[in-house]
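For reference, the structure is listed below as C-alpha coordinates.
The values are calculated or read from the model by the stated rules, or taken from the named source; none is laboratory data. Being a predicted model, the structure only gives us computed values, none of them experimental. Note that we place each Cβ from the backbone using ideal geometry, even for glycine, and neighbour counts take in every protein chain shown. Note: areas computed on protein heavy atoms with side chains; ligands, DNA, RNA excluded. Shrake-Rupley method; radii C 1.70, N 1.55, O 1.52, S 1.80 Å.
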Amino acid sequence: MVNYKDLGLVNTREMFKRAVAGGYAIPAFNFNTMEQMQAIVMAAVETKSPVIMQVSKGARNYANASILRYMAEGAVAYAKELGCEHPEIVLHLDHGDSFELCKDCIDMGFSSVMIDGSHLPYEENVALAKKVVDYAHQFDVTVEAELGVLAGVEDEVSAAESHYTKPEEVIDFSTRTGCDSLAISIGTSHGAHKFTPEQCTLVNGVLVPPPLAFDILHEIEKKLPGFPIVLHGSSSVPMDEVNTINKFGGHLEAAIGIPEEQLREASKSAVCKINIDSDSRLAMTAAIRKHFDEYPSHFDPRQYLKPARENMKKMYIHKIVEVLGSNDKL
Ligand code: 13P
(Lines give C-alpha, C1' and ligand atoms only; values in the text may rest on other atoms or scores of the structure.)
Protein backbone atom coordinates (compact mmCIF):
# COMPACT_ATOMS: atom_id res chain seq x y z
CA MET A 1 0.00 0.00 0.00
CA VAL A 2 1.43 3.38 -0.98
CA ASN A 3 -0.25 6.71 -0.34
CA TYR A 4 -0.12 9.27 -3.14
CA LYS A 5 1.09 11.94 -0.73
CA ASP A 6 4.33 9.99 -0.34
CA LEU A 7 4.78 10.21 -4.13
CA GLY A 8 4.38 14.01 -4.13
CA LEU A 9 1.00 13.88 -5.90
CA VAL A 10 -2.11 15.85 -4.91
CA ASN A 11 -5.83 15.07 -5.06
CA THR A 12 -8.29 17.21 -7.01
CA ARG A 13 -10.13 18.91 -4.13
CA GLU A 14 -8.26 22.21 -3.81
CA MET A 15 -7.48 22.64 -7.49
CA PHE A 16 -11.15 22.13 -8.42
CA LYS A 17 -12.30 24.64 -5.81
CA ARG A 18 -9.93 27.24 -7.27
CA ALA A 19 -10.86 26.37 -10.85
CA VAL A 20 -14.61 26.70 -10.27
CA ALA A 21 -14.13 30.01 -8.45
CA GLY A 22 -11.67 31.29 -11.05
CA GLY A 23 -13.67 30.30 -14.14
CA TYR A 24 -11.10 28.00 -15.73
CA ALA A 25 -10.68 24.23 -16.15
CA ILE A 26 -7.88 21.82 -15.22
CA PRO A 27 -6.55 19.75 -18.13
CA ALA A 28 -6.93 15.99 -17.74
CA PHE A 29 -4.61 14.41 -20.28
CA ASN A 30 -4.54 10.64 -20.80
CA PHE A 31 -1.18 8.93 -21.09
CA ASN A 32 0.19 5.49 -21.90
CA THR A 33 3.79 6.19 -22.86
CA MET A 34 6.86 7.92 -21.48
CA GLU A 35 6.82 10.50 -24.28
CA GLN A 36 3.23 11.50 -23.50
CA MET A 37 4.07 11.79 -19.82
CA GLN A 38 7.17 13.91 -20.51
CA ALA A 39 5.22 16.19 -22.84
CA ILE A 40 2.44 16.65 -20.26
CA VAL A 41 4.91 17.55 -17.52
CA MET A 42 6.92 19.91 -19.74
CA ALA A 43 3.73 21.70 -20.83
CA ALA A 44 2.38 21.98 -17.28
CA VAL A 45 5.69 23.32 -15.94
CA GLU A 46 6.16 25.79 -18.78
CA THR A 47 2.66 27.20 -18.35
CA LYS A 48 2.62 26.94 -14.52
CA SER A 49 -0.57 24.89 -14.65
CA PRO A 50 -1.94 22.23 -12.32
CA VAL A 51 -2.46 19.05 -14.32
CA ILE A 52 -4.29 15.73 -14.12
CA MET A 53 -2.44 12.80 -15.65
CA GLN A 54 -4.99 10.09 -16.20
CA VAL A 55 -4.79 6.45 -17.14
CA SER A 56 -7.56 4.18 -18.27
CA LYS A 57 -7.84 0.48 -17.50
CA GLY A 58 -6.56 -0.14 -21.04
CA ALA A 59 -3.52 2.08 -20.41
CA ARG A 60 -2.71 0.12 -17.25
CA ASN A 61 -2.93 -3.10 -19.19
CA TYR A 62 -0.77 -1.68 -21.96
CA ALA A 63 1.95 -0.02 -19.91
CA ASN A 64 1.81 -2.17 -16.74
CA ALA A 65 0.29 -0.92 -13.50
CA SER A 66 3.58 -0.78 -11.57
CA ILE A 67 5.39 1.09 -14.32
CA LEU A 68 2.63 3.70 -14.50
CA ARG A 69 2.76 4.27 -10.76
CA TYR A 70 6.52 4.88 -10.91
CA MET A 71 6.07 7.09 -13.97
CA ALA A 72 3.70 9.29 -11.98
CA GLU A 73 6.23 9.51 -9.18
CA GLY A 74 8.84 10.29 -11.83
CA ALA A 75 6.59 13.01 -13.23
CA VAL A 76 6.71 14.89 -9.92
CA ALA A 77 10.50 14.58 -9.74
CA TYR A 78 10.81 15.66 -13.38
CA ALA A 79 8.59 18.73 -12.83
CA LYS A 80 10.83 19.78 -9.93
CA GLU A 81 13.92 19.19 -12.03
CA LEU A 82 12.42 21.46 -14.69
CA GLY A 83 12.22 24.22 -12.10
CA CYS A 84 8.71 23.88 -10.67
CA GLU A 85 9.12 23.96 -6.90
CA HIS A 86 5.59 22.87 -6.01
CA PRO A 87 4.00 20.99 -8.90
CA GLU A 88 0.32 20.07 -8.59
CA ILE A 89 0.05 16.74 -10.36
CA VAL A 90 -2.87 14.36 -9.93
CA LEU A 91 -2.67 10.69 -10.90
CA HIS A 92 -6.23 9.80 -11.85
CA LEU A 93 -7.92 6.56 -12.92
CA ASP A 94 -10.11 7.26 -15.95
CA HIS A 95 -13.30 5.17 -16.29
CA GLY A 96 -12.80 2.73 -13.45
CA ASP A 97 -15.37 0.01 -14.05
CA SER A 98 -15.33 -1.82 -10.72
CA PHE A 99 -14.74 -1.25 -7.01
CA GLU A 100 -11.78 -3.65 -7.18
CA LEU A 101 -10.01 -1.68 -9.92
CA CYS A 102 -10.52 1.61 -8.03
CA LYS A 103 -9.25 0.04 -4.79
CA ASP A 104 -6.20 -1.37 -6.57
CA CYS A 105 -5.35 2.06 -7.98
CA ILE A 106 -5.86 3.78 -4.62
CA ASP A 107 -3.63 1.18 -2.97
CA MET A 108 -0.96 1.84 -5.61
CA GLY A 109 -0.73 5.59 -5.16
CA PHE A 110 -3.47 7.15 -7.29
CA SER A 111 -4.70 10.43 -5.84
CA SER A 112 -8.03 10.40 -7.66
CA VAL A 113 -10.25 7.76 -9.25
CA MET A 114 -13.28 7.73 -11.48
CA ILE A 115 -15.93 5.11 -10.93
CA ASP A 116 -18.01 4.94 -14.06
CA GLY A 117 -21.33 3.29 -13.30
CA SER A 118 -23.15 5.48 -15.80
CA HIS A 119 -24.30 2.48 -17.86
CA LEU A 120 -25.90 0.86 -14.79
CA PRO A 121 -29.46 1.37 -13.53
CA TYR A 122 -29.55 4.53 -11.35
CA GLU A 123 -29.67 2.81 -7.94
CA GLU A 124 -26.76 0.52 -8.86
CA ASN A 125 -24.71 3.50 -10.03
CA VAL A 126 -25.39 5.20 -6.66
CA ALA A 127 -24.44 2.10 -4.65
CA LEU A 128 -21.22 1.46 -6.59
CA ALA A 129 -20.09 5.09 -6.46
CA LYS A 130 -20.80 5.26 -2.72
CA LYS A 131 -18.78 2.12 -2.09
CA VAL A 132 -15.77 3.61 -3.93
CA VAL A 133 -16.17 6.98 -2.16
CA ASP A 134 -16.30 5.31 1.27
CA TYR A 135 -13.04 3.50 0.55
CA ALA A 136 -11.26 6.38 -1.21
CA HIS A 137 -12.05 9.04 1.37
CA GLN A 138 -10.30 7.04 4.11
CA PHE A 139 -7.09 7.90 2.26
CA ASP A 140 -8.11 11.40 1.14
CA VAL A 141 -8.39 10.21 -2.47
CA THR A 142 -10.99 12.13 -4.49
CA VAL A 143 -13.68 10.41 -6.57
CA GLU A 144 -15.33 11.33 -9.86
CA ALA A 145 -18.62 9.64 -10.72
CA GLU A 146 -20.78 9.91 -13.83
CA LEU A 147 -24.44 10.49 -14.64
CA GLY A 148 -25.65 10.24 -18.22
CA VAL A 149 -23.99 8.30 -21.03
CA LEU A 150 -21.47 9.54 -23.61
CA ALA A 151 -21.43 7.95 -27.04
CA GLY A 152 -18.19 6.78 -28.65
CA VAL A 153 -15.38 4.34 -28.05
CA GLU A 154 -12.56 4.72 -25.57
CA ASP A 155 -10.44 1.68 -24.81
CA GLU A 156 -12.89 -0.76 -23.26
CA VAL A 157 -15.64 1.82 -22.76
CA SER A 158 -18.09 2.16 -25.61
CA ALA A 159 -21.69 3.21 -26.13
CA ALA A 160 -23.64 3.53 -29.35
CA GLU A 161 -25.91 6.32 -28.16
CA SER A 162 -25.57 9.17 -25.75
CA HIS A 163 -28.08 10.03 -23.03
CA TYR A 164 -27.89 13.52 -21.62
CA THR A 165 -27.54 13.85 -17.86
CA LYS A 166 -30.90 14.46 -16.18
CA PRO A 167 -30.55 17.60 -14.02
CA GLU A 168 -33.29 16.34 -11.70
CA GLU A 169 -30.98 13.48 -10.58
CA VAL A 170 -27.80 15.38 -9.72
CA ILE A 171 -28.64 16.53 -6.17
CA ASP A 172 -29.78 13.08 -5.05
CA PHE A 173 -26.79 11.42 -6.74
CA SER A 174 -24.08 13.70 -5.37
CA THR A 175 -25.58 13.75 -1.87
CA ARG A 176 -26.03 10.01 -1.58
CA THR A 177 -22.70 9.02 -3.11
CA GLY A 178 -20.55 11.77 -1.57
CA CYS A 179 -18.60 12.00 -4.84
CA ASP A 180 -16.19 14.93 -5.22
CA SER A 181 -16.94 15.70 -8.87
CA LEU A 182 -19.50 14.68 -11.44
CA ALA A 183 -18.96 13.83 -15.10
CA ILE A 184 -21.96 14.81 -17.19
CA SER A 185 -23.18 14.14 -20.70
CA ILE A 186 -24.11 17.25 -22.69
CA GLY A 187 -23.12 16.27 -26.21
CA THR A 188 -19.40 15.44 -26.09
CA SER A 189 -18.29 11.91 -26.95
CA HIS A 190 -15.14 9.81 -26.93
CA GLY A 191 -12.84 9.33 -29.91
CA ALA A 192 -11.93 11.19 -33.10
CA HIS A 193 -15.31 10.66 -34.78
CA LYS A 194 -17.71 12.48 -32.52
CA PHE A 195 -20.25 13.50 -35.15
CA THR A 196 -21.26 12.30 -38.59
CA PRO A 197 -21.03 14.90 -41.38
CA GLU A 198 -24.85 14.71 -41.58
CA GLN A 199 -25.12 16.00 -38.00
CA CYS A 200 -22.99 19.05 -38.88
CA THR A 201 -23.60 22.31 -40.72
CA LEU A 202 -21.23 23.44 -43.46
CA VAL A 203 -19.91 26.93 -42.62
CA ASN A 204 -17.26 28.40 -44.97
CA GLY A 205 -16.24 24.91 -46.07
CA VAL A 206 -15.88 23.66 -42.47
CA LEU A 207 -18.20 21.11 -40.85
CA VAL A 208 -19.50 22.65 -37.62
CA PRO A 209 -21.05 20.19 -35.16
CA PRO A 210 -24.18 20.91 -33.13
CA PRO A 211 -23.49 22.97 -29.98
CA LEU A 212 -23.18 21.36 -26.57
CA ALA A 213 -26.30 21.37 -24.40
CA PHE A 214 -25.34 24.41 -22.31
CA ASP A 215 -28.93 24.65 -21.07
CA ILE A 216 -28.48 21.31 -19.29
CA LEU A 217 -25.10 22.38 -17.91
CA HIS A 218 -26.59 25.59 -16.52
CA GLU A 219 -29.51 23.72 -14.96
CA ILE A 220 -27.05 21.39 -13.26
CA GLU A 221 -25.00 24.36 -12.03
CA LYS A 222 -28.12 25.89 -10.53
CA LYS A 223 -28.93 22.67 -8.67
CA LEU A 224 -25.37 22.16 -7.43
CA PRO A 225 -23.83 25.61 -7.02
CA GLY A 226 -20.04 25.45 -7.04
CA PHE A 227 -19.93 21.67 -7.44
CA PRO A 228 -17.08 20.48 -9.72
CA ILE A 229 -18.35 19.27 -13.09
CA VAL A 230 -16.29 17.17 -15.53
CA LEU A 231 -16.44 16.99 -19.32
CA HIS A 232 -15.22 13.82 -20.99
CA GLY A 233 -14.78 13.43 -24.74
CA SER A 234 -13.41 16.93 -25.22
CA SER A 235 -10.85 16.56 -27.98
CA SER A 236 -11.19 19.09 -30.77
CA VAL A 237 -9.70 16.79 -33.43
CA PRO A 238 -7.59 19.55 -35.07
CA MET A 239 -7.96 19.46 -38.85
CA ASP A 240 -4.27 20.22 -39.45
CA GLU A 241 -3.27 17.03 -37.59
CA VAL A 242 -5.92 14.99 -39.41
CA ASN A 243 -4.75 16.43 -42.75
CA THR A 244 -1.11 15.65 -41.94
CA ILE A 245 -2.02 12.07 -41.07
CA ASN A 246 -3.98 11.67 -44.31
CA LYS A 247 -1.30 13.41 -46.40
CA PHE A 248 1.38 11.01 -45.20
CA GLY A 249 -0.40 7.72 -45.77
CA GLY A 250 -3.07 7.68 -43.09
CA HIS A 251 -6.75 7.20 -43.66
CA LEU A 252 -8.93 9.12 -41.23
CA GLU A 253 -12.33 9.85 -42.64
CA ALA A 254 -14.84 12.33 -41.26
CA ALA A 255 -12.92 13.00 -38.06
CA ILE A 256 -14.82 15.70 -36.18
CA GLY A 257 -14.31 17.02 -32.64
CA ILE A 258 -15.67 19.61 -30.24
CA PRO A 259 -14.94 23.19 -31.38
CA GLU A 260 -12.52 24.86 -28.99
CA GLU A 261 -14.85 27.84 -28.65
CA GLN A 262 -17.38 25.56 -26.93
CA LEU A 263 -14.76 24.25 -24.53
CA ARG A 264 -13.60 27.79 -23.78
CA GLU A 265 -17.17 28.64 -22.82
CA ALA A 266 -17.56 25.49 -20.72
CA SER A 267 -14.30 26.21 -18.87
CA LYS A 268 -15.76 29.44 -17.54
CA SER A 269 -18.62 27.55 -15.87
CA ALA A 270 -18.58 24.90 -13.12
CA VAL A 271 -16.80 22.62 -15.59
CA CYS A 272 -13.41 22.36 -13.90
CA LYS A 273 -11.92 19.23 -15.53
CA ILE A 274 -11.74 18.66 -19.27
CA ASN A 275 -10.62 15.27 -20.60
CA ILE A 276 -8.42 15.13 -23.67
CA ASP A 277 -6.97 11.94 -25.12
CA SER A 278 -7.63 11.70 -28.87
CA ASP A 279 -5.90 15.03 -29.64
CA SER A 280 -2.69 13.67 -28.13
CA ARG A 281 -2.97 10.49 -30.19
CA LEU A 282 -3.50 12.58 -33.33
CA ALA A 283 -0.56 14.90 -32.56
CA MET A 284 1.73 11.93 -31.97
CA THR A 285 0.64 10.01 -35.07
CA ALA A 286 0.78 13.06 -37.35
CA ALA A 287 4.36 13.87 -36.29
CA ILE A 288 5.51 10.28 -36.69
CA ARG A 289 3.90 9.85 -40.14
CA LYS A 290 5.44 13.12 -41.32
CA HIS A 291 8.84 12.14 -39.97
CA PHE A 292 8.81 8.76 -41.71
CA ASP A 293 7.88 10.41 -44.98
CA GLU A 294 10.76 12.90 -44.68
CA TYR A 295 13.33 10.43 -43.36
CA PRO A 296 12.54 6.98 -44.76
CA SER A 297 15.89 5.61 -43.59
CA HIS A 298 15.33 6.43 -39.89
CA PHE A 299 14.73 3.51 -37.57
CA ASP A 300 15.96 4.78 -34.20
CA PRO A 301 12.76 5.41 -32.16
CA ARG A 302 14.32 8.54 -30.67
CA GLN A 303 14.44 10.08 -34.14
CA TYR A 304 10.67 9.95 -34.63
CA LEU A 305 9.48 10.02 -31.02
CA LYS A 306 11.26 13.30 -30.34
CA PRO A 307 9.21 15.29 -32.88
CA ALA A 308 6.13 13.37 -31.70
CA ARG A 309 6.81 14.51 -28.13
CA GLU A 310 7.37 18.09 -29.30
CA ASN A 311 4.11 18.10 -31.21
CA MET A 312 2.15 16.77 -28.22
CA LYS A 313 3.77 19.34 -25.93
CA LYS A 314 2.76 22.12 -28.34
CA MET A 315 -0.82 20.83 -28.33
CA TYR A 316 -0.94 20.56 -24.51
CA ILE A 317 0.36 24.12 -24.12
CA HIS A 318 -2.21 25.36 -26.64
CA LYS A 319 -5.05 23.70 -24.69
CA ILE A 320 -3.85 25.04 -21.35
CA VAL A 321 -3.28 28.63 -22.48
CA GLU A 322 -5.78 29.15 -25.30
CA VAL A 323 -8.70 26.96 -24.28
CA LEU A 324 -8.86 25.95 -20.60
CA GLY A 325 -7.12 28.96 -19.05
CA SER A 326 -5.30 27.01 -16.32
CA ASN A 327 -1.94 28.70 -16.98
CA ASP A 328 -0.34 30.65 -14.11
CA LYS A 329 -2.67 28.99 -11.61
CA LEU A 330 -0.10 27.17 -9.49
P1 13P B 1 -11.43 12.35 -26.28
O2 13P B 1 -11.55 11.04 -27.01
O3 13P B 1 -12.36 13.37 -26.86
O4 13P B 1 -10.03 12.82 -26.22
O5 13P B 1 -11.92 12.10 -24.79
C6 13P B 1 -11.09 11.50 -23.84
C7 13P B 1 -11.78 11.21 -22.57
O8 13P B 1 -12.87 11.66 -22.29
C9 13P B 1 -11.09 10.35 -21.60
O10 13P B 1 -11.92 9.98 -20.56
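Just a few scattered comments:
- Qualifying lysines (Cα of each under 23 Å from Cα of Lys223; at least 8 residues distant if same chain): Lys17, Lys130, Lys166, Lys268, Lys273
- Whole-Hz couplings from phi, Karplus 6.51/-1.76/1.60, listed for region 310-319; x for Gly and Pro: 4, 5, 5, 4, 4, 5, 4, 5, 4, 4
- Take each peptide in 193-203, 320-330, 29-39, count the other Cβ atoms within 10 Å of every residue, and average; sorted highest first, the result is 29-39, 320-330, 193-203.
- Taking all protein chains together and rolling a 1.4 Å probe, His119 ends up with roughly 130 Å² accessible.
- Net charge, Ser326 excluded, C-beta distance under 15 Å - Lys, Arg +1, Asp, Glu -1: +2
- Relative to the compact-globule estimate of 2.2 N^0.38 Å, the Cα radius of gyration of the chain comes out at 0.95.
- Ranked packing of 255-263, 78-86, 297-305, most packed first, by mean Cβ within 10 Å: 255-263, 78-86, 297-305
- Antiparallel %, DSSP beta bridges [both residues in the chain], to 5: 15
- Around the amide H of Gly233, modelled in the peptide plane, lie the amide H atoms of Asn275, all under 5 Å away and 5 or more residues distant in sequence or on another chain.
- Rounded to the nearest 20 debye, the dipole size of the chain about its Cα centre is 680 debye, using +1 on the Cβ of Lys and Arg and -1 on the Cβ of Asp and Glu.
- The trypsin sites (Lys or Arg not before Pro) of region 242-284 that meet both conditions, a loop assignment by DSSP and at most 15 other Cβ atoms within 10 Å of the site Cβ, are Lys268.
- Expressed in Å, the radius of gyration and Dmax of the Cα atoms of region 179-330 are 17.4, 59.
- ³J(HN,Hα) computed for each position of region 324-330 - Karplus, 6.51 cos²θ - 1.76 cosθ + 1.60, integer Hz, glycine/proline x: 8, x, 8, 5, 6, 10, 7
- For Lys48, the residues whose modelled amide H falls within less than 5 Å of its own, excluding neighbours fewer than 5 places apart on the same chain, are Asp328.
- Heavy-atom surface of the chain, accessible at 1.4 Å and reported per residue (Å²): 43
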